[in-house]
Amino acid sequence: MNARPFSLFSFLISAALALGLVLLVVSRPRGQGTATPLTLLAREGRRTMSVGVINDQEFVALDDLAAVFQLAVHEDSLGAITVAYKGRTVVLTPDQAIASVSGRLISLPAPPSRAGRRWMVPVEFISRALAPIYDVRLDLRKPSHLLVVGNLRVPRVSIRHEPLTNAVRLTLDATPRTASTVVQDSERLRVTFDADALDVTIPAFQPQGLVQAVRSVDPVTLAVELGPRFAAFRTSTQSLDTTTRLVLDLVATQTQTPSPAPATSPPAAVPSEAPIFGRPASAIRTIAIDPGHGGEDEGAKGAGGTTEKNVTLAVARRVKAAVEGQLGIRVLLTRDEDRRVPIDERPAVANNNKADLFISLHASASPKSATSGASIYVAAFTDTDQARVALAPERVPTFGGGSRDIEFVLWDLAQIRHIDQSAELARLLEQQFDDRVPLGARPFDRAPLRVLESANMPAVLIEMGYLTNADEEKRLASSNFQNAFVQAVLDAVLKFRDYLGAATGGTR
Amino acid sequence: MTPRRVLATAAITAAAAGLVWLFFVGLPPWYGGSGTGRRAEAPPAGSTAPAPLGRKIKARLFYIAEDGINLTSVERDVTYGEGTVEQAKEIINAQIAPPTEPLVSAVPPGTTLRALFVTEQGEAYVDLSRDVAAAHLGGSLNELLTIYTFVEALTANLPAVSAVQVLVDGMEVDTLAGHVDLRRPLVRKVQ
């Protein structure tokens with residue numbers, strides 16, 4: 001930790017990753033940073049290197065560089081300074097703002113300068129002279145006072161905020177393109193980047209009703225501290241050339257509107273590109289995700305050893321993180337570990353928790369290894385089943401005379417009355433899979449699938465692909481595919497919510 | 001037609017009928033009695049009917065179609081069985097026998113028929129060895145194809161059978177591989 005009067009520079013060292021990586025995040029308020037030390041980020045860890053200022057130019061000591069990068073520095077009788085690394089050399093001449101790098105001349109913003117007994121070189125020496133002869137990539141980020149050593153993913157993240165009517169928009173640009181997830185965690189939104197560390201500049205905030213502050217909470221996570229007026233948020237992501245832009249709109253609770261005539265004022269508080277997430281009036285509050293099989297029941301198995309039970313659990317966990325984080329909808333998993341769950345217990349979990357949707361995840365198998373592609377199933381019932389439900393009484397006599405309506409559910413056939421909505425959900429999933437999840441020859445079908453029959457809510461079973469097909473086995477296990485699949489499911493859920501909203505008053 | 005031609009036609013027809021009777025009804029008990037032939041043609045275990053030897057019926061058996069997602073039928077000679085139950089057993093035994101290439105069966109290899117009975121309502125109960133579940137590859141569609149192989153094989157060939165329920169090791173099971181509801185007999189075409 002390091003703080004100075006006019007420039008606060010704080011470094012957070014991360015916990016090591018499984019590989020033993022030590023990761024860093026750097027954040028600081030805007031300001032002048034002329035004498036801010038340079039921070040070196042490497043897989044092995046972090047260290048700082050002091051920086052001096054001479055005539056408004058930032059310099060580092062050549063012997064500091066020599067110590068860190070194992071350079072041999074030699075000053076000859078004519079005054080030339082030779083910096084050698086594994087047989088490659090840089091030759092500097094005092095009073096000249098140029099250097100010879102392996103025989104090629106490069107320019108420097110200032111000549112080397114002697115400070116006492118040490119030679120100082122402009123920081124640009126690192127990127128222009130040292131980087132070309134060094135074995136590992138050296139990425140000097142002068143404005144951030146960072147030197148990234150090696151192939152670490154340290155995206156630059158810039159944050160802008162702008163007030164909108166009854167909302168605040170935060171725009172987070174990550175360069176190069178970096179994926180991120182947003183999860184609401186009680187009083188804060190956690191934005192986690194898929195990176196090793198962040199090169200982030202957090203602007204000064206006026207704490208107000210929607211956003212209190214933005215801070216770094218770990219090397220790759222920023223937290224948006226929410227204010228008392230926060231009601232909901234929505235996210236959208238755009239890819240712009242080399243940048244991923246995450247737009248976070250934070251919507252305030254409705255202030256008392258004196259005007260009862262809404263027609264005169266535009267109702268949209270936020271320019272609408274995406275639906276507002278997390279509204280309490282959502283028709284979908286809880287989704288049950290059922291990772292198929294588990295425990296000694298491995299389900300289908302690929303030649304490469306990929307098991308259905310593991311793929312379904314991995315995807316289910318991703319769906320949970322994405323739906324909860326991005327849509328603010330609660331997600332229940334029928335199992336969150338590798339254990340056997342009896343088949344009837346799965347829809348029971350959904351029924352007992354009054355889930356609004358039930359999605360069972362599976363991976364398929366076939367004796368024909370060429371068979372491939374995803375399929376979406378809804379339950380199928382026979383005429384006999386339909387008749388049983390039709391015969392179930394809905395009006396029963398009451399004590400003391402008369403009769404009253406009751407909800408009478410034949411639990412093994414509870415799905416019957418949701419079957420049309422289930423088919424609509426399947427249709428939307430198929431539509432969203434389109435170019436993201438390869439579909440099978442019959443992408444939609446009705447079948448007497450037991451796990452769906454007693455679900456008392458719209459329910460589908462998704463066979464994500466065939467583990468007995470070598471290409472699909474690899475694809476199903478890949479995080480690229482799993483993420484694309486999850487995003488398609490998420491988009492279908494949004495469309496389905498719109499459909500339920502439009503159908504005013506579904507069955508629940 | 002002259003009366004003489006009518007007489008000739010009648011005579012030829014009668015002779016043909018006699019020959020048919022001779023080959024299919026009259027003679028079989030005679031050559032059926034000689035040891036070797038009978039062993040070779042003996043119905044598989046589980047079938048107790050003394051089927052007339054060598055008598056075959058044409059039956060449609062079901063295998064996974066080229067597209068991998070449907071069943072396709074192939075006409076085969078299947079040993080004749082006396083009555084619906086015996087004939088159903090013969091059909092199932094022919095169906096679960098490993099097919100010749102390029103046919104691919106949706107029934108796991110090693111599956112055997114333990115018992116079979118048919119109710120008055122036309123519901124056939126097919127009791128299979130546990131291999132049908134234990135050796136199953138899994139997958140919703142594959143499981144549907146396995147179950148419907150039995151449903152189709154019996155309903156397509158035997159008018160007296162309208163629905164089929166699969167049992168495993170003599171017992172009703174939830175599913176074969178975690179997908180298809182086996183609590184009720186399944187009819188040929190599900191809505």
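Here are the numbers for this structure:
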| quantity | calculated |
| --- | --- |
| Criterion violated by A:Val183 - all others in (1) more than 16 Å from A:Val251 (Cα to Cα); (2) touching a helix residue (DSSP H, G or I) at 6+ places or on another chain (Cβ under 7 Å) satisfied | (1) |
| Segment A:334-357: number of residues that are in contact with an Asp or Glu (Cβ under 7 Å, 6 or more places away or on another chain) and either in contact (Cβ under 8 Å) with a residue 60 or more places away in the chain or not hydroxyl-bearing (Ser, Thr, Tyr) (or both) | 3 |
| Residue check, A:Gln206 free of Cβ contacts under 8 Å to residues at least 12 places away in the same chain and not charged (D, E, K, R) | yes |
| Candidate set from segment B:176-191 (those that are at the interface with chain A (Cβ under 10 Å from one of its Cβ atoms), under 22 Å from the mean Cα position of the chain (by Cα) and not in a strand (DSSP E or B)); member that is surrounded by the fewest Cβ atoms within 10 Å (Cβ to Cβ) | B:Lys189 |
| Answer residue from segment A:374-410, given it is modelled with pLDDT under 70, surrounded by 11 or more Cβ atoms within 10 Å (Cβ to Cβ) and not in a loop (DSSP other than H, G, I, E, B) and is farthest from the other protein chains (Cβ to nearest Cβ) among those | A:Ser403 |
| Scope segment A:128-153; condition surrounded by fewer than 17 Cβ atoms within 10 Å (Cβ to Cβ) and either among the acidic types (Asp, Glu) or closer than 16 Å to A:Val90 by Cα (or both); matching residues | A:Ala131, A:Pro132, A:Asp135 |
| Residue within segment A:25-35 that is at pLDDT 55 or above and either part of a strand (DSSP E or B) or buried (at least 17 other Cβ atoms within 10 Å of the Cβ) (or both) present | no |
| Condition broken by A:Ser478, with the remaining ones in (1) more than 30 Å from B:Leu71 (Cβ to Cβ); (2) buried (at least 18 other Cβ atoms within 10 Å of the Cβ) satisfied | (2) |
| Failed item in (1) closer than 14 Å to A:Glu124 by Cβ; (2) under 42 Å from the mean Cα position of the chain (by Cα), with A:Leu71 passing the rest | (1) |
| Any helices (runs of 4 or more DSSP H) falling wholly within segment A:428-506 and containing at least 2 residues that are within 14 Å of chain B (Cβ to nearest Cβ) | A:450-453, A:470-477 |
| Filtered residues of segment B:86-123 (kept if surrounded by 20 or more Cβ atoms within 10 Å (Cβ to Cβ) and under 12 Å from the mean Cα position of the chain (by Cα)) | B:Gln87, B:Ala88, B:Lys89, B:Glu90, B:Ile91, B:Ile92, B:Asn93, B:Gln95, B:Ile96, B:Leu113, B:Leu116 |
| Cβ-Cβ under 7 Å pairs, at least 6 apart or on other chains, segment A:110-129 side among the polar types (S, T, N, Q), far side part of a strand (DSSP E or B) | A:Ser113/A:Ile54; A:Ser113/A:Phe59; A:Ser113/A:Met120; A:Ser127/A:Leu138; A:Ser127/A:Leu140 |
| Within segment B:159-175, considering residues that are over 21 Å from the mean Cα position of the chain (by Cα), part of a loop (DSSP other than H, G, I, E, B) and not polar (S, T, N, Q), the one farthest from the other protein chains (Cβ to nearest Cβ) | B:Glu172 |
| Breaking point among (1) under 30 Å from A:Gly305 (Cα atoms); (2) at pLDDT below 95, for B:Leu186 | (1) |
| Some residue of segment A:354-364 being surrounded by fewer than 23 Cβ atoms within 10 Å (Cβ to Cβ), of a type in the set (D, E, K, R), outside any helix (DSSP H, G or I) and within 11 Å of another protein chain (Cβ to nearest Cβ) | no |
| Considering residues of segment A:119-154 that are among the small types (Gly, Ala, Ser) and under 28 Å from the mean Cα position of the chain (by Cα) only, the residue modelled with the highest pLDDT | A:Gly150 |
| Hits in segment B:59-110 - residues which are more than 13 Å from chain A (Cβ to nearest Cβ) and of a type in the set (Val, Ile, Thr) | B:Val74, B:Val78, B:Thr79, B:Thr84, B:Val85, B:Ile91, B:Ile92, B:Ile96, B:Thr100 |
| Hits in segment A:296-353 - residues which are within 13 Å of chain B (Cβ to nearest Cβ) and either of a type in the set (A, V, I, L, M) or in a helix (DSSP H, G or I) (or both) | A:Ala300, A:Ala303, A:Glu308, A:Lys309, A:Val311, A:Thr312, A:Val341, A:Ile343, A:Glu345, A:Arg346, A:Pro347 |
| Failed item, numbered, when B:Leu154 is tested on (1) away from chain A (no Cβ under 14 Å); (2) modelled with pLDDT under 95 | (2) |
| Residue among A:Ala314, A:Ala300 that is within 19 Å of the chain's Cα centre (by Cα), among the aliphatic types (A, V, I, L, M) and farther than 29 Å from A:Val251 by Cα | A:Ala314 |
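The values are calculated or read from the model by the stated rules, or taken from the named source; none is laboratory data. Computed from a predicted model, the values in this text were never measured in an experiment. Ideal geometry is used to build each Cβ from the backbone, glycine not excepted, and the neighbour counts take in all protein chains shown.
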